[in-house]
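**Q** Got a structure for you, written out below as structure tokens; questions coming shortly.
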Amino acid sequence: MTDKPENTTHFGFETVPEDEKAGRVQGVFSSVASKYDIMNDVMSVGIHRVWKDAMMDWLAPRPGQRLLDVAGGTGDISFRFLKRAGRGHSTVLDLTESMLVEGRKRAEAEDMSDSLDWVVGDAMALPFEANTFDVYTISFGIRNVTRPQEALNEAYRVLKPGGRLMVLEFSQLPNPMMQAAYDAYSFNVIPRMGQMIAGDRDSYQYLVESIRKFPDQDTFLGMLRTAGFENAKYRNLSMGIAALHSGWKI
């Protein structure tokens with residue numbers, strides 16, 4: 001009798017057992033939580049703010065909507081959503097509690113406390129009833145999920161009929177020369193920034209590697225459709241450095 005083969009996945013460029021990845025991801029974000037927002041600004045030269053505003057422009061939040069912001073970390077997307085909606089509610093869910101702790105320290109969290117919940121949870125097994133939320137967002141988080149397709153399936157389950165999914169994630173540039181230049185920046189500069197600012201080179205090395213392992217725009221679009229989302233489409237941001245994917249539960 002032989003042992004059952006162990007399911008594996010990638011952790012950056014390393015192959016690891018599936019049941020180890022979530023713990024390793026938690027380790028990464030626990031390590032960088034206190035410097036996460038600063039590093040986002042430095043790594044992207046502030047462009048991540050433009051991308052998140054573009055996400056809100058396409059999403060067009062409406063008053064009274066309920067948002068589930070998965071891998072919501074320190075609350076960036078939820079704060080933007082609630083400001084645009086005027087009134088509503090957001091549940092910020094993240095696997096790493098220390099990220100949520102940092103989010104609660106932000107001034108916006110205090111101002112919006114009546115409209116916010118902070119929940120530790122897994123994107124692949126959401127602790128919510130079906131048909132609960134009007135909007136589901138996940139920003140720069142789905143590439144860290146062990147099985148992204150399961151996260152999309154869960155997104156579909158918890159959305160109400162007529163609800164909308166929106167994913168903001170790093171992606172692939174269509175031009176090989178541009179991609180090579182971007183990779184050179186990513187692999188040579190970002191881990192060094194991580195060491196200088198957050199005192200953690202390895203975590204930012206993983207984050208760079210995880211971007212290269214994530215499916216391209218069209219492949220990921222197919223995953224949305226597999227989960228059941230209709231009218232699924234995407235828009236490139238900054239020529240494809242990042243991409244927004246949108247889908248509807250109809």
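The values are calculated or read from the model by the stated rules, or taken from the named source; none is laboratory data. Just so it is clear, the model here is predicted, and its values are computed rather than measured. All Cβ positions, glycine included, derive from the backbone under ideal geometry; neighbour counts span all protein chains shown.
**Q** Where residues in region 66-85 are at pLDDT 95 or above and in a loop (DSSP other than H, G, I, E, B), which of them is farthest from residue 38 (Cα to Cα)?
**A** Per the stated criteria, the residue is 71.
**Q** If the requirement is being under 18 Å from the mean Cα position of the chain (by Cα) and among the small types (Gly, Ala, Ser), which of these qualifies: 171, 115?
**A** Details: 115 fails: under 18 Å from the mean Cα position of the chain (by Cα).
Just one listed residue meets the conditions, 171.
The rows are residues; the columns are (1) at pLDDT 95 or above; (2) in contact with a helix residue (DSSP H, G or I) (Cβ under 6 Å, 6 or more places away or on another chain); (3) at positive phi.
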{"position": "149", "(1), (2), (3)": "yes, yes, no"}
{"position": "157", "(1), (2), (3)": "yes, no, no"}
{"position": "177", "(1), (2), (3)": "no, no, no"}
{"position": "182", "(1), (2), (3)": "no, no, no"}
{"position": "199", "(1), (2), (3)": "no, no, yes"}
{"position": "220", "(1), (2), (3)": "yes, no, no"}
{"position": "223", "(1), (2), (3)": "yes, yes, no"}
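**Q** So, one more: Restricting attention to region 113-126, which residues are in contact (Cβ under 8 Å) with a residue 12 or more places away in the chain, over 21 Å from residue 164 (Cβ atoms) and surrounded by fewer than 19 Cβ atoms within 10 Å (Cβ to Cβ)? Can you show your working first?
**A** Of the residues in region 113-126, the ones in contact (Cβ under 8 Å) with a residue 12 or more places away in the chain are 115-126.
Filter once more, keeping what is over 21 Å from residue 164 (Cβ atoms): 118, 120, 122, 125.
120, 122, 125 - these are the residues of region 113-126 that are in contact (Cβ under 8 Å) with a residue 12 or more places away in the chain, over 21 Å from residue 164 (Cβ atoms) and surrounded by fewer than 19 Cβ atoms within 10 Å (Cβ to Cβ).
**Q** Right, next: Could you list all residues from region 140-170 that are part of a strand (DSSP E or B) and of a type in the set (Lys, Arg)?
**A** Keep residues of region 140-170 that are part of a strand (DSSP E or B), which gives 159-170.
Within region 140-170, 160, 164 meet the criteria.
**Q** Looking only at residues that are acidic (Asp, Glu) and crowded, with 17+ Cβ neighbours inside 10 Å in region 127-160, which one is nearest to residue 65 (Cα to Cα)? Quick ask: steps written out before the conclusion?
**A** First pass over region 127-160, keeping only residues acidic (Asp, Glu): 129, 134, 150, 154.
Next cut, crowded, with 17+ Cβ neighbours inside 10 Å only: 134, 154.
Values: 134: 6, 154: 19 Å.
Only one residue tops the list, namely 134.
**Q** Here's another thing I want to ask about it. For region 161-184, enumerate the residues that are surrounded by fewer than 20 Cβ atoms within 10 Å (Cβ to Cβ), touching a Lys or Arg at 6+ places or on another chain (Cβ under 8 Å) and more than 20 Å from residue 229 (Cβ to Cβ).
**A** Listed by number, the list holds a single entry, 183.
**Q** Among the residues of region 21-65, how many are in a helix (DSSP H, G or I) and either more than 17 Å from residue 202 (Cα to Cα) or hydrophobic (A, V, I, L, M, F, W, C) (or both)? Working first, answer last.
**A** Let us first name the residues in region 21-65 that are in a helix (DSSP H, G or I), namely 21-44, 47-59.
Still in the running and either more than 17 Å from residue 202 (Cα to Cα) or hydrophobic (A, V, I, L, M, F, W, C) (or both): 22, 25, 28-29, 32-33, 37-39, 41-44, 47-59.
Going through region 21-65 one residue at a time, the tally reaches 26.
**Q** Of the conditions (1) modelled with pLDDT of 95 or more; (2) at positive phi; (3) within 18 Å of the chain's Cα centre (by Cα), residue 231 clears all except one; give me its number.
**A** (3)
**Q** Given the criteria under 18 Å from residue 29 (Cα atoms) and touching a helix residue (DSSP H, G or I) at 6+ places or on another chain (Cβ under 6 Å), does residue 153 qualify? Walk me through how you get there before you give the answer.
**A** Details: under 18 Å from residue 29 (Cα atoms): no; touching a helix residue (DSSP H, G or I) at 6+ places or on another chain (Cβ under 6 Å): yes.
No: the conditions fail for residue 153.
**Q** What about residue 85, is it touching a strand residue (DSSP E or B) at 6+ places or on another chain (Cβ under 7 Å) and of a type outside the set (Ser, Thr, Tyr)? Explain how you work it out, then say what you get.
**A** Details: touching a strand residue (DSSP E or B) at 6+ places or on another chain (Cβ under 7 Å): yes; of a type outside the set (Ser, Thr, Tyr): yes.
Considered against the rule, which asks whether it is touching a strand residue (DSSP E or B) at 6+ places or on another chain (Cβ under 7 Å) and of a type outside the set (Ser, Thr, Tyr), residue 85 comes out as yes.
**Q** Output the number of residues of region 9-26 satisfying the condition of being among the aromatic types (Phe, Trp, Tyr) and surrounded by 15 or more Cβ atoms within 10 Å (Cβ to Cβ). Working first, answer last.
**A** Step one: of region 9-26, the residues among the aromatic types (Phe, Trp, Tyr) are 11, 13.
Pick out the ones that are also surrounded by 15 or more Cβ atoms within 10 Å (Cβ to Cβ) and you get 11.
Residues that pass the stated criteria total 1.
**Q** Next question, about the same structure. Just for region 45-65: of the residues that are within 18 Å of the chain's Cα centre (by Cα) and surrounded by fewer than 17 Cβ atoms within 10 Å (Cβ to Cβ), which one is nearest to residue 157 (Cα to Cα)?
**A** First, the residues of region 45-65 that are within 18 Å of the chain's Cα centre (by Cα): 46-59.
Imposing the further condition that a residue be surrounded by fewer than 17 Cβ atoms within 10 Å (Cβ to Cβ) reduces the set to 46-47, 49-50, 53-54, 57-58.
Details: 46: 34, 47: 32, 49: 29, 50: 30, 53: 26, 54: 26, 57: 25, 58: 22 Å.
In this case the residue turns out to be 58.
**Q** Any residue in region 75-88 that is in contact (Cβ under 8 Å) with a residue 40 or more places away in the chain, among the small types (Gly, Ala, Ser) and surrounded by 20 or more Cβ atoms within 10 Å (Cβ to Cβ)?
**A** Filtering region 75-88 down to residues in contact (Cβ under 8 Å) with a residue 40 or more places away in the chain leaves 75-77, 81.
Filter once more, keeping what is among the small types (Gly, Ala, Ser): 75.
In the following step, the residues that additionally are surrounded by 20 or more Cβ atoms within 10 Å (Cβ to Cβ) were identified as 75.
Looking through region 75-88, at least one residue is in contact (Cβ under 8 Å) with a residue 40 or more places away in the chain, among the small types (Gly, Ala, Ser) and surrounded by 20 or more Cβ atoms within 10 Å (Cβ to Cβ).
**Q** Look at residue 137 and say whether it is in contact (Cβ under 8 Å) with a residue 24 or more places away in the chain, of a type outside the set (Asp, Glu), within 27 Å of residue 35 (Cα to Cα) and assigned to a loop (DSSP other than H, G, I, E, B).
**A** Numbers: in contact (Cβ under 8 Å) with a residue 24 or more places away in the chain: yes; of a type outside the set (Asp, Glu): yes; within 27 Å of residue 35 (Cα to Cα): yes; assigned to a loop (DSSP other than H, G, I, E, B): no.
No, not satisfied.
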